[in-house]
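S.K.: I'd like to ask you about the structure that follows.
Bear in mind that the values in this text are calculations on the coordinates, not laboratory data. Everything numeric here is computed off the predicted structure, so don't read it as measured data. Neighbour counts run over all protein chains shown; Cβ positions are idealised from the backbone, glycine included.
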Amino acid sequence: TRTMESDLRPTLFDFHGVSMTKYFTENWENVQNFQARPDDILIATYPKAGTTWISYILDLLYFEQKSERETIVPIYERVPFLEISIPSQPKGKDLADKLTTSPRLIKTHFPVQFVPKSFWEQKSRMICVMRNAKDLAVSYFHFNRMNHVQPEAGDWSVSHGSPCTVVSTVVFGSWYDHVNGWWEKKSTYSNLLVLFYEDLVEDPGRELDKLCHFLGLSPSSEKKERILSSAHFDNMKQNKMANYSTLPVMDQKVSPFMRKGKVGDWKNHFTVAQSEVFDEDYERKMKNSSVKFRDEI
Ligand code: A3P
């Protein structure tokens, strides 16, 4: 199955106050009517925050022993992307409906207000990974360059303010709205765990323990070692089932999906002037927020 030329580089439009492309809105009714289950685990992230990493860790935690899954099923089929609907590719909602595993691991990039209501009704567990805005902007920029079903990346250096755009006017809307929306949900919905990409990089073992505690799992230390090794950046980068190399719409020669996996790479991309403009915009938009990020460790 190939995606046609005319389906590439979709345009961005406003959808209920969130910038989106048709690939995440066309199946809206079906997605909104998705029937969640109490044991479902929803992985809810802004794009480029570490979705694939946490997805793979969760998959290993639950299904490590299923060897054919490890060798022939790519991560985007193990963990369906609920709202995705791209011509000539299976819809995420349909893949999710077909999952026979328990728990079902399901990925979404929706802002919190778009999550189908049955997830809340069923009190499904949700895991949110958040990443600092500057590294995320760099990662998202390179992703838009290499992924032909995303809008054009534009030019990073076209104006001093352009990195600000990369976390505001992009698919799935403003990073600010997204992180604040999910963060606020934590106070009213107890089945939500928030992890930070920077913490995962700093001490993956500690974060894995947090995750297991939240899920009520107590894997052996051998199993935890195996998971941490398989989910290490270098191993995921080489792993065809985790590195998206099997998806033709991504041109990994332009930029690999597993690009750097670092905290602080923004320093190699932002000029001093861009960083200042970004910080000012950030202060303004985050002044009423209690969520704190680290952009270096
Ligand atoms: P970079 O572009 O900064 O390298 P998502 O899965 O949400 O799209 O996020 C992709 C980002 O997570 C990429 O960031 C990718 O390299 C990084 N990533 C994926 N697996 C990782 C791992 N095991 N360790 C660290 N970073 C990882």
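S.K.: Order the peptides 92-104, 168-180 from the highest to the lowest mean number of other Cβ atoms within 10 Å of their residues. Numbers along the way, then the final one.
M.R.: Details: 92-104: 15.8, 168-180: 21.2.
Those peptides, ordered most packed to least, come out 168-180, 92-104.
S.K.: Comparing Asn235, Asn132, Asn144, which has the greatest mean-square fluctuation in the GNM of the chain with Cα pairs linked when under 10 Å apart?
M.R.: The residue that fluctuates most here is Asn235.
S.K.: Could you tell me, in Å, what Rg and Dmax come out for the Cα atoms of segment 29-108?
M.R.: Computed over the Cα atoms of segment 29-108, radius of gyration and Dmax are 12.2, 36 Å.
S.K.: Label points 7 Å out from Cα along the Cβ direction at Gln113 and Asp209: separation in nm?
M.R.: Taking the simple label geometry, Gln113 and Asp209 are separated by 3.9 nm.
S.K.: Which of rounded, prolate or oblate describes segment 62-108 when judged by the alpha-carbon gyration tensor and an a/c cut-off of 1.5?
M.R.: Values: a/c = 2.49, a/b = 1.65, b/c = 1.51.
In terms of gyration-tensor shape, prolate.
S.K.: Rounded, prolate or oblate: which fits segment 1-42 when a ≥ b ≥ c are the square roots of the eigenvalues of the alpha-carbon gyration tensor, with rounded for a/c under 1.5 and prolate only if a/b beats b/c?
M.R.: Numbers: a/c = 2.90, a/b = 1.60, b/c = 1.81.
Taking the square roots of the gyration eigenvalues as a ≥ b ≥ c, segment 1-42 is oblate.
S.K.: Another question, if that's okay. So how far apart, in nm, are the two label points at Phe13 and Arg294 if each is 7 Å from Cα heading toward Cβ?
M.R.: Result: 4.3 nm between the two label points.
S.K.: Turning to a different aspect of this structure: Report the label-to-label distance for Lys253 and Asp234 in nanometres (one decimal), using points 7 Å from each Cα along the Cα→Cβ vector.
M.R.: 2.8
S.K.: Here is a further query. Quick one: grab the alpha carbon gyration tensor of segment 222-284, order the square roots of its eigenvalues as a ≥ b ≥ c, and give me rounded if a/c is under 1.5, else prolate or oblate depending on whether a/b is larger than b/c.
M.R.: Details: a/c = 3.27, a/b = 1.71, b/c = 1.91.
Cα axes put segment 222-284 in the oblate bin.
S.K.: Provide, in order from the shortest bin, the percent of all Cα-Cα pairs of segment 1-140 in each 5 Å bin, continuing until the bin that contains the maximum pair distance.
M.R.: Binned Cα distances yield the sequence 2, 9, 18, 22, 22, 16, 9, 3, 0.
S.K.: Which pairs break 21 Å Cα to Cα here: Lys186/Lys267; Lys240/Lys260; Lys98/Lys253; Lys91/Lys262? Don't jump to the answer; show the numbers that get you there.
M.R.: Details: Lys186/Lys267 31 Å; Lys240/Lys260 17 Å; Lys98/Lys253 33 Å; Lys91/Lys262 31 Å.
Violating the 21 Å limit, Cα to Cα: Lys186/Lys267; Lys98/Lys253; Lys91/Lys262.
S.K.: In nm, what is the difference between 0.36 nm times the number of residues separating Arg284 and Lys267 and their Cα-Cα distance?
M.R.: On the way: separation 17, 0.36 × 17 = 6.12 nm, distance 2.14 nm.
Gain on extension, Arg284 to Lys267, equals 4.0 nm.
S.K.: Let's test this: bin the Cα-Cα distances of segment 170-212 at 10 Å from zero up to the farthest pair and state each bin's percent.
M.R.: 24, 40, 34, 2
S.K.: Run the Debye formula on the Cα coordinates of segment 142-221, all scatterers equal and no solvent, and tell me log10 I(q)/I(0) at q = 0.13, 0.24, 0.26 1/Å.
M.R.: Results for segment 142-221 at q = 0.13, 0.24, 0.26 Å⁻¹ read -0.66, -1.11, -1.17.
S.K.: Given q = 0.07, 0.09, 0.11, 0.13 Å⁻¹, what are the Debye log10 I(q)/I(0) values for the chain, with equal point scatterers placed on the Cα positions and solvent ignored?
M.R.: Debye output, listed in q order: -0.25, -0.41, -0.64, -0.93.
S.K.: With θ set to phi - 60° and the Karplus curve 6.51 cos²θ - 1.76 cosθ + 1.60, what are the ³J(HN,Hα) couplings of segment 37-47 in order, to the nearest whole Hz, using x for Gly and Pro?
M.R.: Once θ is set to phi - 60°, the couplings for segment 37-47 become 10, x, 8, 4, 10, 9, 8, 10, 9, 6, x Hz.
S.K.: Scan segment 1-90 for trypsin sites (Lys or Arg not before Pro) in coil per DSSP, keeping those whose Cβ has at most 13 other Cβ atoms within 10 Å, and list them by number. Show your work: numbers first, answer last.
M.R.: On the way: sites: Arg2, Lys22, Lys48, Lys66, Arg69, Arg78; in loops: Arg2, Lys48, Lys66.
Taking segment 1-90 and a limit of 13 other Cβ atoms within 10 Å, the loop trypsin sites (Lys or Arg not before Pro) found are Arg2, Lys66.
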